[in-house]
1. Counting only residues that are touching a Phe, Trp or Tyr at 6+ places or on another chain (Cβ under 8 Å), give me the helices (runs of 4 or more DSSP H) lying completely in segment 207-281 with at least 2 of them.
2. Just one of (1) under 17 Å from Asn238 (Cα atoms); (2) among the small types (Gly, Ala, Ser); (3) modelled with pLDDT of 90 or more trips up Gly45, so point out which.
3. Please verify whether segment 105-113 includes one or more residues that are under 11 Å from Met17 (Cα atoms) and open to solvent by 50 Å² or more (accessible area, probe 1.4 Å).
4. Taking only pairs six or more apart or across chains, which ones have beta-carbon atoms under 8 Å, a first residue in segment 45-60 that is over 17 Å from Glu120 (Cβ atoms) and in contact (Cβ under 8 Å) with a residue 40 or more places away in the chain, and a second residue that is among the aromatic types (Phe, Trp, Tyr) and surrounded by 14 or more Cβ atoms within 10 Å (Cβ to Cβ)?
5. Does at least one position in segment 24-37 carry a residue that is loosely packed, with under 14 Cβ neighbours inside 10 Å, modelled with pLDDT of 90 or more and farther than 24 Å from Leu227 by Cβ?
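The values are calculated or read from the model by the stated rules, or taken from the named source; none is laboratory data. Owing to the predicted nature of the structure, the values given are computational and were not obtained by experimental measurement. Positions of Cβ are generated from backbone atoms using ideal geometry, with glycine treated the same way; all protein chains shown enter the neighbour counts. Just the protein is used for accessible areas: all its heavy atoms, side chains included, with ligands, DNA and RNA removed. Shrake-Rupley method; radii C 1.70, N 1.55, O 1.52, S 1.80 Å.
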Amino acid sequence: MAVGILSMVNARAGGVMYSRNPNNPESENIIINAVKGLGKLVVDGTVTAETYVVNRKGEIIEKLPGKQNKMIICREQGDIEEIPLPDNIAQLSLTDEEILKLSKLAIKIEEYYQSPQDIEWAIDEEGNIFILQARQLRIHEKKSETKVYLPTRIKGYNILLEKGITACKGIGYGKAFVLKSEEELNDFPEGHVLVAKHTNPKYVVVMNKASAIITDVGSPTGHMASLSREYNVPTILNTEVATKTIKHGQEITVDAINCVIYEGKVNELIEAYSKLKEPLK
């Protein structure tokens, strides 16, 4: 049996890109998430990554800065190290030229595999781009038989939060379970809404019971977001203050389509969504 030896990329920046938006595949836009240093922080979802949206024509549609208080670097003697970063670093990790080069690579890889791709990448100190891995991006195709439009805001209900990024579309209702430690996952009740500080792939153990997931920090291209889509759990990430705003045991309705969280049960929203929701295994 051969032993493969690979050199580590000394990444100036790294991250994940999707060759299509899994929540809106019709748009055909490419989504790139980036952090300074090694891209592990994007996959883990422990910081808010920078987000870039590029269309198929090669135009940058959107640039959203991240919030990164730490980065992971390669150590000269081997292994990796997490180092702190000064607060409020506003400088973006990627130049426009690098954003467009990455988006072109995403299209090439999608064309080669003939399906949407979830791609991990890194850029070294000399500006060389490395594709680290690519795998099929799970997208639920929608059948357009009857169109039902969900209202963006429901009047008469108290809105607790109105911010965040959708990782998996949907509507969820239940009592909030504000997670303080991983050990509490063992006590997660059926039908509750998981509210956590940051994303974590370990939350998969409650995804078959959770009616929705909300986090303060996280990336839609992270590992947990991919799991949410596989389990079809309505998920909102990057709300910044969910764990401070939502009380443990509070009844809430999560609109992970418009990124709105209501106090109490919003029957109009739940009923409207049930008409367009498709059963998934």
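1. By residue number, 223-231, 267-276.
2. All conditions pass for Gly45, except number (3).
3. yes
4. Close Cβ pairs satisfying both conditions: Ile60/Tyr52.
5. No: zero hits.
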